[in-house]
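The values are calculated or read from the model by the stated rules, or taken from the named source; none is laboratory data. This is a predicted model, so every value here is computed, not measured. Here Cβ is always computed from backbone atoms with ideal geometry, including for glycine, and neighbour counts include all displayed protein chains. When the accessible area is computed, the model is the full protein with side chains, heavy atoms only, and any ligands, DNA or RNA have been set aside. Shrake-Rupley method; radii C 1.70, N 1.55, O 1.52, S 1.80 Å.
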Amino acid sequence: MRRVLLAAVLALPLSCSLAAPAQSPEALLNQYFASFFADGGQASLPGFAVLVKKNGKPVYERGFGLRDLRGKARIDAHSNFRLASCTKQFTAMAIMLLVHDGKLGYDEPLTAIFPEFPAYGRAITVRNLLQHTGGLPDYEDLMDAREKGRATPLWTAEQQIQDGEVLQLLEKETRGKFAPGTRWDYSNSGYVVLGLIVAKRSGKPFGEFLHERIFAPLKMDHTRVYEKGKNQVTNRAYGHSLKDGVFAETDQSSTSATLGDGGVYSNVSDLSKWDDALREHTLLSEAEFAPALTPAMLPAGSENKLAEDTPASLHSVATVYGFGWFLDLAAPHPMVWHYGETIGFKTAILRYTRDNVTVILLCNRSDVDQGLLAQHAAAPFLAKVP
């Protein structure tokens, strides 16, 4: 019955699910989000945390469900979720800070940073990697090729691939997927390499650099680049997947240890501080941050290839990219946004620039369209379009 209800709620258009004018936006959203739970989101299932801000101020904040099914702790604004690909905005900011410092250039080729990289890296620039136009091979495809025919896998949830191993796999290739700058193809490989570039040019581990230059200055005290065995995540939400109608913990996979493409854990409270910093240009001036909001320039008619996990609700706006952000700037409600998805987790950050509305949604269950949930959360606070 719960799955039928979930499907019915997801099928409702925004105008229907939020069309009860006598109710406050908070009551409407409470009712909508509670519909995902047999018990109203109080006790028994993994769920999500959601924060909506208008003009820089929180207007709706709530947690639904449990951050794990073992300890039964409730999700709240301080529950820390794996951000998955929402990490990419932090990786991009780290690169931009190094450019600000004069330690890196956007148009430097990969081989200038890693001289041992094969010749196909000579034409791949830092800018290409930031914009997903570099054409690096997909490291998960390379993992599959290495493991083909083996009796036991090389990498598992217990023996995870590390960033250095990803670089080694890429260095064994003799060519990329396409000539850099000719196509857009969402690339986790590119952001793993960007994380390695941050470490190489800063002289500090990726996580340490992010802590010193982003998290600590913004007082994002519970946000960290998670490295198993090296640090801990407090108030940690564990990922879950629905199997045969029952949720099972599915928190880690063979690729969960890579950093620049998806290794940050955070909560909606800390991410609100990040949103403030972006709005107020705390870390970089507006002019310095402008490249992040500039779409990649591609030849007319070039092919765009979305990642397989792109939320269905966001397919139509997921083909224009800056540095660590998708851009939907010509829409009635212009939006700078990103999503994340990894085993057991789904996340979304939507920043409606004209409406000055931000939605942060962090889920520790894999059976939802996080883009649709986030759009529902934003809807009551968006200005009417003439």
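Net charge dipole, segment 286-364: roughly 120 debye, given to the nearest 20, about the Cα centre with Cβ charges of +1 for Lys and Arg and -1 for Asp and Glu. Segment 85-111 and segment 241-259 have Cα centres lying 30 Å from one another. Where [x] -1.02; [y] -1.23; [z] -0.92 are the candidate values, the label of the one calculated here for log10 I(q)/I(0) by the Debye sum over Cα atoms at q = 0.12 Å⁻¹ is [z]. Here LYS219 sits with roughly 130 square angstrom of accessible surface, probe radius 1.4 Å. Taking every C-alpha pair closer than 8 Å and separated by at least 6 residues, the mean separation divided by the residue count of segment 30-104 gives a relative contact order of 21 percent.
With the simple spin-label model, which puts each label point 7 Å out from Cα in the Cβ direction, the SER316 to LEU293 separation comes to 2.4 nm. The lysines within cross-link reach of LYS230, meaning a Cα-to-Cα straight distance under 18 Å and a gap of 8 or more places when in the same chain, are LYS204. In terms of accessible area, using a 1.4 Å probe and ignoring ligands and nucleic acids, LEU372, LEU110 rank largest first as LEU372, LEU110. Model label sites at LEU218 and THR353, defined 7 Å from Cα along the beta-carbon direction, differ in position by 1.7 nm.
Checked against a 21 Å cut-off, the cross-linked pairs LYS72/LYS273; LYS88/LYS346; LYS103/LYS273 give Cα-Cα distances beyond that limit for LYS72/LYS273; LYS103/LYS273. Relative to the Cα centre, the charge distribution of segment 21-144, modelled as +1 at Lys and Arg Cβ and -1 at Asp and Glu Cβ, gives a dipole magnitude of about 600 debye. Only Cα pairs under 8 Å and 6+ residues apart enter the sum, and on that basis the relative contact order of segment 289-386 stands at 21 percent. Considering only GLN23, LEU298, PRO118, and ranking their Cα positions along the charge dipole of the chain that arises from unit charges at the beta-carbon of Lys, Arg, Asp and Glu, the one farthest toward the positive end is GLN23. Using C-alpha pairs below 8 Å separated by at least 6 residues, the relative contact order for the chain is 22 percent. Of the residues TRP337, VAL368, ALA312, the one whose Cα sits farthest towards the positive end of the charge dipole of segment 310-386 is TRP337 (charges of +1 on Lys and Arg Cβ, -1 on Asp and Glu Cβ, taken about the Cα centre). Net charge dipole, the chain: roughly 480 debye, given to the nearest 20, about the Cα centre with Cβ charges of +1 for Lys and Arg and -1 for Asp and Glu. In a fully extended conformation the segment linking LYS57 and LYS103 would gain 13.0 nm over its present Cα-Cα distance, using 0.36 nm per residue.
Ordering 303-309, 71-77, 85-91 by mean Cβ neighbour count within 10 Å, with the highest value first, yields 85-91, 71-77, 303-309.
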